[in-house]
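Peer 1: Before I ask anything, here is the structure I am working with.
The values are calculated or read from the model by the stated rules, or taken from the named source; none is laboratory data. Values in this document were obtained by computation on a predicted structure and should not be read as measured data. Methodologically, a virtual Cβ is constructed for each residue, glycine included, from the backbone with ideal geometry; neighbour enumeration extends over all protein chains shown.
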Amino acid sequence: MSLNVELLEQSFAQIKPRAEDFVASFYENLFTAHPEAKPLFAKTNMVEQRKHLLAALVLVVQNLRKSEVLEEALKTLGAKHVRYGTAPEHYPLVGQALLTTFEQYLQQDWTPEVKQAWTDAFGAIAHVMLKGADEVYS
């Protein structure tokens, strides 16, 4: 799958100055839309968790042009998420909350092209993370 790297980089650059608010809003959106996800974070330090999410987003965007680096990092992340109790059915919930949050923050800049770029990117990210998760079980 070829991703629209330029659009991903540009849209993320617009969010970066408000990155801490963005990740806080992401978790609000996730828990509002899917309260069943909240127990997965019952023992989680949410301040630290928001930092982890932000670091993961930065890692993805910074390595969009280095697919081998990105793939290895995402597989490792997927394997780690197995230990946290993350199941394959949780990925679409996260994807939807992420898209909702981008839409909130980008507002008029949330064009159909940007939405498609992030939808494709999240699909690719989830696919690689799930490959990493599968390797834990094999």
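Peer 1: Output yes when any residue across the range 23-45 is at pLDDT below 95 and among the hydroxyl-bearing types (Ser, Thr, Tyr), and no when none is.
Peer 2: yes
Peer 1: Across the range 28-57, which residue is surrounded by the most Cβ atoms within 10 Å (Cβ to Cβ) among those that are part of a helix (DSSP H, G or I) and in contact (Cβ under 8 Å) with a residue 40 or more places away in the chain?
Peer 2: 30
Peer 1: Let me ask another. Identify, by number, the condition in (1) assigned to a helix (DSSP H, G or I); (2) farther than 21 Å from residue 4 by Cα that residue 116 doesn't meet.
Peer 2: Of the numbered conditions (1) assigned to a helix (DSSP H, G or I); (2) farther than 21 Å from residue 4 by Cα, the odd one out for residue 116 is (2).
Peer 1: Test of understanding: among 70, 93, 130, which residue is over 16 Å from residue 11 (Cβ atoms), in contact (Cβ under 8 Å) with a residue 60 or more places away in the chain and within 16 Å of the chain's Cα centre (by Cα)?
Peer 2: 93
Peer 1: So in the range 72-91, with the set limited to residues that are hydroxyl-bearing (Ser, Thr, Tyr) and buried (at least 16 other Cβ atoms within 10 Å of the Cβ), which one is nearest to residue 123 (Cα to Cα)?
Peer 2: The qualifying residue nearest to residue 123 (Cα to Cα) is 91.
Peer 1: Now a separate question. Does the range 58-71 hold any residues that are surrounded by 11 or more Cβ atoms within 10 Å (Cβ to Cβ) and in a helix (DSSP H, G or I), and which are they?
Peer 2: 58, 59, 60, 61, 62, 67, 69, 70, 71, listed by residue number.
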